[in-house]
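Visitor: Handing you a structure now.
Just so it is clear, none of the values below were taken in a lab; they were calculated from the coordinates. Note that this is a predicted model, so its numbers are computed, not measured. We place every Cβ from the backbone using ideal geometry, glycine too, and count neighbours over all the protein chains shown.
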Amino acid sequence: MDVIRIEGGHPVTGEVSVEGAKNSALKLMAATILAPGVSTLTNVPNISDVHVMGKVLKRLGASVEVLGPHSMNIDTSDVDKWETPYELVAKMRASTAVLGPLVARFGHAVVAMPGGCQIGARKIDMHILGLEALGVKFDIDHGYIHASAPDGIKGAMVTLDFASVGATENLMMASVHAEGVTTIDNAAREPEIVDLANLLNEMGAKVSGAGTPVIEVEGVPGDLHPVAHEVVGDRIEAGTFLAIGALTGAPVRVNGFEPRHLGLVLKKFEQMGCTVERGVRTCQVSRSGPIRPVDIQTLPFPGFPTDMQAQTMCVLAMAAGESIVTENVFENRFMFASELDRMGADITIEGHHALVHGVSSLSGAPVKAPDLRGGASLVMAGLVAEGFTTVSNVYHIDRGYEGYVDKLVSLGAHIERHSVPDDEEDQD
Ligand code: UD1
């Protein structure tokens, strides 16, 4: 197993480019099921979650041809199976994104029920209730969801209890051929939703309102057609590197994403005392004074992203004062805070609130990545901690960051990744 070892205290500054968004690429890959033939996706991040989605599609009968480090052809002409097994859903919750497209194209889908995961329960009841409103029937047994649409899919008004990203995506994809119009009310507004709507429209679907709380899908007859599409830049990978600029103070410039996709995050960095320079598909963060404490609470877009909570808490751990971080989207997303406390941070968790009492220094320690964003944040902490930090369970980081260590090396960090025997890495 691999670990990441960081020697803290070295200047980290310069310029990096981000890849395409993980949270978009996975859903776009699933959407290719709707368009029999060969679709080409470019700006696809080379990360393990994308490899898992490739396996999901292959299980269904698609073929996935990697064209280069960031592009792939997906041929969905011969998709002839409708089942996604638990072993793949358990590895990656986003596998459930095939539910909508399978039901739309074939009228059938069998998807394993997601169980718990590191950051919470991640239920899919809203996906099911929404699809039922469109005429999809469900049987749930032996841990699997069997979906069928014996009378076809009928357009309807669906009001979501919560602006769920996954439910909005499944409903958009399921309704592309529905009879009549489907309205998704209280829809998620994330940039990844807009990217998916753009792909569907390029394929011949009629989706309007993506990026607003009301999305309308007018059903179109016949199959959608395959397209070539570039994945939107990863605002969370960008936010992670910009948070490093906020943490160390030396300028970090990030290219390849839209700064407006990080609106509230950048505003919070400014409130912390950072200088934020926004450009076209580029942004730079630096800081000269102390880190000022701020309160943040995670909410659906355009609120503060849950995927930036850990990285921001890492910056606030070194603020001159106390901050309160409230996590409203996922339970169990504060696990990295106890690892950060082992490095000298002073964070107290009470329910879904974290009281972050800023400290003036951190000290390097062996720590475990508890999940994807928490893992990336522990590496960040290692950059400013005194001495050496070793982060284990780095497979979590591999799920969502391509070349994280290499990019940090290019910014001047003293960091390396190496293998250790399994028993040395995981001692519980
Ligand atoms: C979430 C994030 C998304 C991020 C992605 C990957 C939000 C709102 N969503 O999307 O920005 O890109 O993780 O980390 O920040 N829920 C239910 N029932 C459902 C569906 C969801 O109770 O049927 C709950 C979840 O358990 C969770 C919340 O709603 O507490 C948000 O879920 P959702 O947006 O669907 O999660 P993801 O699609 O994974």
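Visitor: Rounded to the nearest Å, what's the spacing between the alpha carbon centres of the range 73-107 and the range 317-378? Just the number, please.
Guide: So the two Cα centres are separated by 36 Å.
Visitor: For the charge dipole of the chain, defined by +1 on Lys and Arg C-beta atoms and -1 on Asp and Glu C-beta atoms about the Cα centroid, which residue among Pro150, Ala365, His225 has the Cα displaced farthest towards the positive pole?
Guide: His225
Visitor: Pop the C-beta distance of Asp141 and Val280 into the FRET formula with R0 = 56 Å and round what comes out to the nearest 0.05.
Guide: 0.60
Visitor: May I ask you to list, by number, the DSSP H helices of the chain whose Cα span along the axis is at least 15 Å and whose average Kyte-Doolittle hydropathy reaches 1.6 or more? Before the final figure, lay out each step's value.
Guide: On the way: long enough: 48-59 (17 Å, -0.16); 191-202 (16 Å, 0.23); 235-248 (20 Å, 1.04); 372-384 (20 Å, 1.45).
Helices meeting the criterion: none.
Visitor: If you don't mind, there's one more thing I want to ask. Compute the FRET efficiency between Ser208 and Met335 as 1/(1 + (r/R0)^6), taking r as their Cβ-Cβ distance and R0 = 35 Å, and round to the nearest 0.05.
Guide: 0.30
Visitor: For the range 196-314, what relative contact order do you get, as a whole percent, if you take Cα pairs closer than 8 Å and at least 6 residues apart?
Guide: 20
Visitor: Let me ask something additional. Give, rounded to the nearest 20 debye, the magnitude of the charge dipole that the range 1-150 has about its Cα centre when Lys and Arg contribute +1 at Cβ and Asp and Glu contribute -1 at Cβ.
Guide: The dipole of the range 1-150 has a size of about 180 debye.
Visitor: Shifting gears a bit: Only Cα pairs under 8 Å and at least 6 apart count here; give the relative contact order of the range 226-274 as a rounded whole percent.
Guide: Details: 28 pairs, mean separation 19.5, N = 49.
Once normalised by length, the contact order is 40 percent.
Visitor: Here is a follow-up. Rounded to the nearest 5, what % of DSSP beta bridges with both residues in the chain are antiparallel?
Guide: Of the beta bridges lying entirely in the chain, close to 75 percent run antiparallel.
Visitor: Let me ask you something else. Hey, what do the phi angles of the range 345-362 turn into as Karplus ³J(HN,Hα) couplings, whole Hz, using 6.51/-1.76/1.60 and θ = phi - 60°, x for Gly and Pro?
Guide: Couplings: 6, 10, 10, 10, 9, 10, x, 9, 10, 10, 9, 9, 9, x, 10, 8, 8, 10 Hz.
Visitor: Amide H of His414: which non-local residues (sequence gap of 5 or more, or other chain) have their own amide H closer than 5 Å, using H built in the peptide plane?
Guide: HN-HN under 5 Å from His414: Glu7, His10.
Visitor: Also, I was wondering about something else. Along the positive direction of the dipole of the range 153-202 (beta-carbon charges: Lys, Arg +1; Asp, Glu -1; about the Cα centre), which of Ala188, Leu200, Ala174 reaches farthest?
Guide: The residue sitting farthest along the positive end of the dipole is Ala174.
Visitor: If you don't mind, there's one more thing I want to ask. In whole Hz, with x marking every Gly and Pro, tabulate ³J(HN,Hα) for the range 144-161 from phi via Karplus 6.51 cos²θ - 1.76 cosθ + 1.60, θ = phi - 60°.
Guide: So the Karplus estimates, Gly and Pro as x, are 10, 9, 9, 10, 8, 10, x, 9, x, 9, 10, x, 7, 8, 10, 9, 7, 5 Hz.
Visitor: Dipole magnitude of the chain about its Cα centre, charges +1 at Lys/Arg Cβ and -1 at Asp/Glu Cβ only, in debye to the nearest 20?
Guide: 780
Visitor: Checking the cross-link filter: which aspartates and glutamates have an alpha carbon closer than 16 Å to that of Lys268, excluding same-chain neighbours under 8 positions apart?
Guide: Glu277, Asp295, Asp307, Glu322, Glu327
Visitor: For Ile145, which sequence-distant residues (separation of 5 or more, or a different chain) have an amide H within less than 5 Å of its own amide H, given hydrogens modelled in the peptide plane?
Guide: Residues meeting the amide H criterion: Val111, Ala112, Met113.
Visitor: Another question, if that's okay. Give the cross-link partners of Lys58 among the lysines, using a straight C-alpha distance below 21 Å as the criterion and excluding same-chain residues fewer than 8 apart.
Guide: Lys22, Lys27, Lys81, Lys91
Visitor: Write down the percent of antiparallel bridges among all DSSP beta bridges whose residues are both part of the range 292-406, to the nearest 5. Write out the running numbers ahead of the final one.
Guide: Numbers: 10 of 17 bridges.
Bridges in the range 292-406 that DSSP calls antiparallel: roughly 60 percent.
Visitor: Right, next: Normalising by the residue count of the chain, find the relative contact order in percent from Cα pairs under 8 Å and 6+ residues apart.
Guide: After rounding, I find 21 percent.
Visitor: Once every DSSP H run of n ≥ 4 in the chain is given -39500 (n - 2.57) and the sum is divided by its residues, what mean residue ellipticity at 222 nm do you get, rounded to the nearest 500 deg cm²/dmol?
Guide: -9000 deg cm²/dmol
Visitor: Could you calculate the contour length gain from Glu322 to Met113, that is, 0.36 nm times the residue separation minus the distance between their Cα atoms, to one decimal place in nm?
Guide: Gain on stretching Glu322 to Met113: 71.2 nm.
Visitor: Do me a favour and compute the ellipsoid semi-axes for the range 247-330 from its Cα gyration tensor, root of five times each eigenvalue, largest one first, whole Å. Show your work: numbers first, answer last.
Guide: On the way: eigenvalues 75, 63, 16 Å².
Equivalent-ellipsoid dimensions as semi-axes: 19, 18, 9 Å.
Visitor: Would the range 22-103 count as rounded, prolate or oblate if I go by the C-alpha gyration tensor, calling it rounded below 1.5 in a/c and otherwise prolate when a/b exceeds b/c, oblate otherwise?
Guide: oblate
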